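What follows is a short report on a single structure.
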Amino acid sequence: MMFSSTARSRRLLPRHPMPWITTLSPLYTTRRISHTPSPAAYMGPIASTISMDHYPVIFTSHLGEGEFWRELTPFRDVRHDDFFSWRWNINNLVEKQSALSEFLYAMIPSKVPRSVSIGGMQTVDEFCTDVYDGIKNSAMSIRIVPYVLSRIDWADPANCPVFRQFIPLKSIMIQDHPEVKPDSLGERWDMPVDGVVHRYPDKALILQYLSMENISEKSLALSICPTYCIFCTRSYGVGAHTYITKQTFKLGKKRLENMFAYIRSQPQLKDIVVSGGDAYYLPPHVLEWIGDTFINMDNIERFRFATKGLAVAPNRILDEADPWTAVLIRVSDKARKAGKHFALHTHFNHPNEISWITEKASLKLSQAGVTVRNQSVLLRGINDDIETMSSLIQKLAKMLIQPYYVYQCDMVPKVEHLRTPLQTILDLQTQPRGSIAGFYTPSFVVDLPEGGGKRLAGDYESYDRDTGVSTFRAPILKKNGKEGKLYRYYDPIKPSS
Ligand code: SF4
């Protein structure tokens, strides 16, 4: 099995392979001595993320340039050309429970470890039941591309940092905080026009709920990504219906033109983000049309496309038969010639997501002059330790991807087991600075509930570590009753026992 042979077991892995990390880093000392949380506060049933034995990080590209996907039984006969074909990937993604079930039974040994927070072993049947119950209770539907399936440690999926981001397990879910909301960021309150979130004075966000050829009729009205994250900020609108009926839109030409007309009518708007869903699902001609529109719009100085594609399906970037990347590069070139800033924003959370394919895809983009930035989400038990976060930052920098933001996980439903207390991000943010160039050091931020926007985690007005309530202000925001408003972020609570 690819990530979990004896030689790769966590005991045999070097625990601190990066020279700037010592065994007793200040992080560990600070947390244990200065900020021990009250037992009544945020400690859920999962053991403290600080002392938890984190999953091993793979420090080198797996198997050189080998066909690592062929180690998976279902992909044993998948040829190189197929694995790199976007069409093959779309045709082979897993989104139905029956397909996932086939995959699980093909890949999982008869007995696998439970989550380390529970301990012990379980049978494959018990594990699969846990997954099916997780799916029933999740706010997000499942959708997983073959590349992601090929990065999972199938011998220990319950503890694999890739698996845990995309496939829910009921056994580790905990009760939602009462302040959790599907539209936690209040995006729909800041939409002057359908699909445009205009919160900051000079910046707006376009949410694409798009239609596209080759997608089933049922999906036409839904927002789509190559792979769905359990912790999606927009679980109110992204993916197929779950127990949440998704807000559905179509991205027709008329709807986009309405968005453009609004943006054009606001001279203070200079910066546009085209986001979620995912720009990977913009048909190339629509991607170019949007790009050309912003390049030719006088008030716009900067624009970016957001896609998780580079992280979860980097093989597409290298698919010469697929025009998406060539169009993206063309948009980037045209923007640069027009004196406008263009960037691609992507979303890596753990170094094990990165392979030689990611490195080649990133190199292709950087050699073509495309600026790429990364936005991570801080996830409990996945990347909330300094070893993992430092390794991720170093790997991104090596691929010329700017580690831009690390977000506190939003207060959205069914992700309490993945949220961390504010204290975790406060402790983490002190660590990377000085270990790498400042321009590769991410900002650690909280996207404030109720539309307060992004604030540096350390910029809180108050933080009661016993109740887990922190408060922030956002002085730049004045519209929609936000002037002087105090925003609250709540640590995950301990469920009543
Ligand atoms: S890629 Fe982004 S928009 Fe899509 S499911 Fe993940 S977090 Fe949500």
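Key figures
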read-out: Residues whose placed amide H lies under 5 Å from that of residue 420, excluding near-sequence neighbours; value: 380, 409
read-out: Burial ordering of 376, 110, 265, fewest other beta-carbon atoms within 10 Å first; value: 110, 265, 376
read-out: In order through the range 181-198: 3J(HN,Hα) via Karplus (6.51 cos²θ - 1.76 cosθ + 1.60), integer Hz, x for Gly, Pro; value: 9, x, 9, 4, 7, x, 5, 5, 7, 10, 9, x, 9, 3, x, 10, 8, 10
read-out: Kirkwood hydrodynamic radius (C-alpha pairs) into Stokes-Einstein, the range 266-326, 20 °C and 1.002 mPa s, D in µm²/s; value: 169 µm²/s
read-out: Rounded to whole Å, sorted largest first: equivalent-ellipsoid semi-axes of the range 63-151, Cα gyration tensor; value: 26, 17, 11
read-out: Karplus-derived 3J(HN,Hα), 6.51/-1.76/1.60, for each residue of the range 253-266, Hz, glycine and proline x; value: 4, 4, 5, 5, 5, 4, 5, 4, 4, 5, 4, 5, 7, 10
read-out: Too-long pairs where the Cα-Cα distance tops 20 Å, listed order kept, from 136/494; 170/494; 340/482; 246/479; value: 136/494; 340/482; 246/479
read-out: Under 15 Å from residue 111, Cα to Cα: aspartates and glutamates that are on another chain or at least 8 residues apart; value: 125, 126, 130, 153, 156
read-out: Residues 167, 135 arranged by fewest to most Cβ contacts within 10 Å; value: 135, 167
read-out: For the range 187-490: rounded, prolate or oblate by the Cα gyration tensor [a/c cutoff 1.5]; value: rounded
read-out: Formal net charge of residues neighbouring residue 342 (Cβ-Cβ distance under 13 Å; K, R +1; D, E -1); value: +3
read-out: Within straight-line cross-link reach of residue 254, aspartates and glutamates at Cα separation under 18 Å, skipping those fewer than 8 residues along the same chain; value: 194, 213, 288, 292
read-out: The range 378-423: relative contact order in percent, alpha carbon pairs under 8 Å with at least 6 residues between; value: 51 percent
read-out: Total formal charge among the other residues, if their Cβ is under 12 angstrom from that of residue 110, Lys/Arg +1 and Asp/Glu -1; value: -1
read-out: Base-10 log of normalised Debye intensity for the range 385-469 (one unit scatterer per alpha-carbon) at q = 0.18, 0.19, 0.24 Å⁻¹; value: -0.84, -0.92, -1.27
read-out: Inter-site label distance for residue 76 and residue 299 at 7 Å from Cα along Cβ, in nm; value: 6.0 nm
read-out: Whole-Hz ³J(HN,Hα) from phi, Karplus 6.51 cos²θ - 1.76 cosθ + 1.60, for the range 410-423, glycine and proline x; value: 5, 8, 9, x, 6, 10, 4, 5, 9, 7, 10, x, 3, 4
read-out: Computed lengthening from residue 133 to residue 341, 0.36 nm per intervening residue step minus Cα-Cα distance; value: 70.4 nm
read-out: Anisotropy class of the range 108-153 from Cα gyration tensor, a/c 1.5 cut; value: oblate
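Coordinate-derived values only; no laboratory data. Bear in mind the structure is a predicted one, so any value in this text is a computation, not a measurement. FYI the Cβ positions are ideal-geometry reconstructions off the backbone, even for glycines, and counts take in every protein chain you see.
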